[in-house]
Each structure stands twice: as C-alpha cells, then as structure tokens.
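Taken together, the values in this text are just the output of simple stated rules run on the coordinates, not laboratory data. As the structure is a prediction and not an experimental result, all values here were calculated from the model. Quick reminder, even Gly has a Cβ in these numbers, built from the backbone with ideal geometry, and neighbours come from all protein chains shown.
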Amino acid sequence: MEQFLFLFEIIGTVAFAVSGAIAAIHSAMDLFGVLMLGIITATAGGVIRDIILGTFPPQAFIHPVYVGTAALTSLAVFIVFARMNDAERVLDSPRYRRLLLIFDSIGLAVFTVTGMITAMHVHGADNGFLVVFSGVMSGVGGGVLRDMMLGGMPVIFRKQIYAVASIIGGLTAWLFFLNGCILAGEIAGSAAVFAIRLLAVHYRWSLPRIERREE
C-alpha cells in the first residue's frame, strides 16, 4: 500500500509539474521561471496540506524526490517545446488547452486522494471533514498558486467545476475508506475527480454567478 501511495504521488507530481511548466512557457517565462512554476504547482498543495495537519517541516522539504521529480519534469517539458519548430502555434492551439486540461485534471485527481490518505495517517480516520478538506487543499493548492503567479484569478473562483470535482471525488473516496476499502477508494475517488473535471469542461458546467452589468 505504501508503494502504491508513493507511485500515486509521483504520478500527481509529474502531472502538475507538466501543467505548471506548460503554463509558464505559454506566459513566456525563462527556464528558471518554468522550473519554479512547475515545482510550485506540483508541491504547493502538499505543503498547504501538511501545514493544515501540523506536519513540520512539510514532506516536500524532507523528501527531495518530489521537488526533484517536478524539476526534471519541468526541464523535460521546456526542452520539448524548445525543440519544436511550431511551439508558438501549438501554445495557441486547442491542443495546448487539452494537454493542460488533462495533466491538470490528473494532478487534481491524484492529489485529492493522496492528501486524504496522508491526513488519515496523521490524525486517523475519525474526522471525515479534516480528511476530505486536506485532500481538497492538497488537490487545488498548487493550481491556485500557479494561477496567482501568472497574474490571473484562480480558475476555482471563476469558471468550470474544479474544487467541486475535488470535493465530490473526496467524498466518494471517503465512503470507500469508511468500509476499509482503501485501494478501491483511491481509484474510485480519483476517477470521479478526473471524470467530473473533463465533463465540466466539455459541457461547460459552471456554478451560478452574478454577472456585472457594464455602465
């Protein structure tokens, strides 16, 4: 189980690092900026989770494998785009948006359930609110910081179903966890997050909001 959880975390780290690196390249950041945004996107959610759980220092600073994986992934993305003859066209194409969506959704799905597992390891499984909340913060934290560093309003506050997908997936996983089905809960919860996220973008689902009228 520990090995499976570690593999899940590495998958999430790679996925979020790719999304952060691509977003940085799209914003014309240099190599250092691409590396930093990739690392922050991949690790910030876990750091926020550990702070909530009272785990100091956060795991990202104890086990450099996560930062190292994010850095190498970001570097690989930078090299791939640097070697493209039509990188600018790709970054402005629907292919870029799909690529960013897929990797961001994978990261959100994986870190939601691994954040929950970490919370249960630290504080037990009795407090369902803490477990689900930790999972959601682990899942959305990196994306929020990524969007803020790029100078935009975080996507979870303005459009599409993002944090809500994480919450629903977390609750789905929690139902399995209550019955002792940890592995099934991880798979079902992450699958729910990923599916809801893709469906929300495809069908343009969004929560209600008040539109401002132009004067």
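With an 8 Å cut-off on Cα pairs and a minimum separation of 6 or more residues, tell me the relative contact order of the chain in percent. Before the final figure, lay out the partial values.
Numbers: 325 pairs, mean separation 48.1, N = 215.
Relative contact order here is 22 percent.
The order of the peptides 37-45, 107-115 by mean Cβ neighbours within 10 Å, most packed first, is 107-115, 37-45. Look at the alpha carbon pairs under 8 Å that are at least 6 residues apart: their mean separation over the length of region 1-107 gives a relative contact order of 38 percent. For the chain, adding -39500 (n - 2.57) for each run of n ≥ 4 DSSP H residues and dividing by the number of residues yields -26000 deg cm²/dmol at 222 nm.
Taking the highest mean first, how do the peptides 50-56, 199-205 order by number of other beta carbon atoms within 10 angstrom per residue? Show your work: numbers first, answer last.
Numbers: 50-56: 15.6, 199-205: 13.0.
In decreasing order of mean packing, 50-56, 199-205 become 50-56, 199-205.
Over the C-alpha trace of region 1-77, radius of gyration and Dmax come out as 12.6, 41 angstrom.
Need the full-extension length gain, Leu207 to Arg97, defined as separation in residues times 0.36 nm minus the C-alpha distance. One decimal, nm.
On the way: separation 110, 0.36 × 110 = 39.60 nm, distance 2.09 nm.
That pair, Leu207 and Arg97, stretches by 37.5 nm at full extension.
On a per residue basis, the convex hull of the C-alpha atoms belonging to region 74-115 measures out at 63 Å³. Between the residues Gly124, Leu207, Cys181, the greatest Cα displacement towards the positive end of the dipole of region 89-215, with unit charges on the Cβ of Lys, Arg, Asp and Glu, is found for Leu207.
Between Leu178 and Ser27, the FRET efficiency estimated from the beta carbon spacing at R0 = 45 angstrom works out to 0.60.
In what sequence do Leu72, Leu91 fall when counting other Cβ within 10 Å, fewest first? Don't jump to the answer; show the numbers that get you there.
Values: Leu72 14, Leu91 20.
Result, fewest neighbours first: Leu72, Leu91.
Charge dipole (Cα centre; +1 on Lys/Arg Cβ, -1 on Asp/Glu Cβ; no other charges) of the chain amounts to roughly 500 debye. Over every Cα atom in region 2-202, the radius of gyration and the widest Cα-Cα span, Dmax, amount to 16.2, 54 Å. For the pair region 118-169 and region 54-117, the centres of their Cα atoms are 16 angstrom apart. Compared with the alpha-carbon gap, the fully stretched path from Phe4 to Met148 is longer by 48.7 nm at 0.36 nm per residue. Taking other C-beta atoms within 10 Å as the exposure proxy, Arg98, Arg83 rank Arg83, Arg98 from fewest upward. The ranking of Leu7, Leu101 by Cβ neighbour count inside 10 Å, starting from the fewest, reads Leu7, Leu101. The stretch between Met84 and His121 holds 8.9 nm of extra length on full extension. This uses 0.36 nm per residue minus the Cα-Cα distance.
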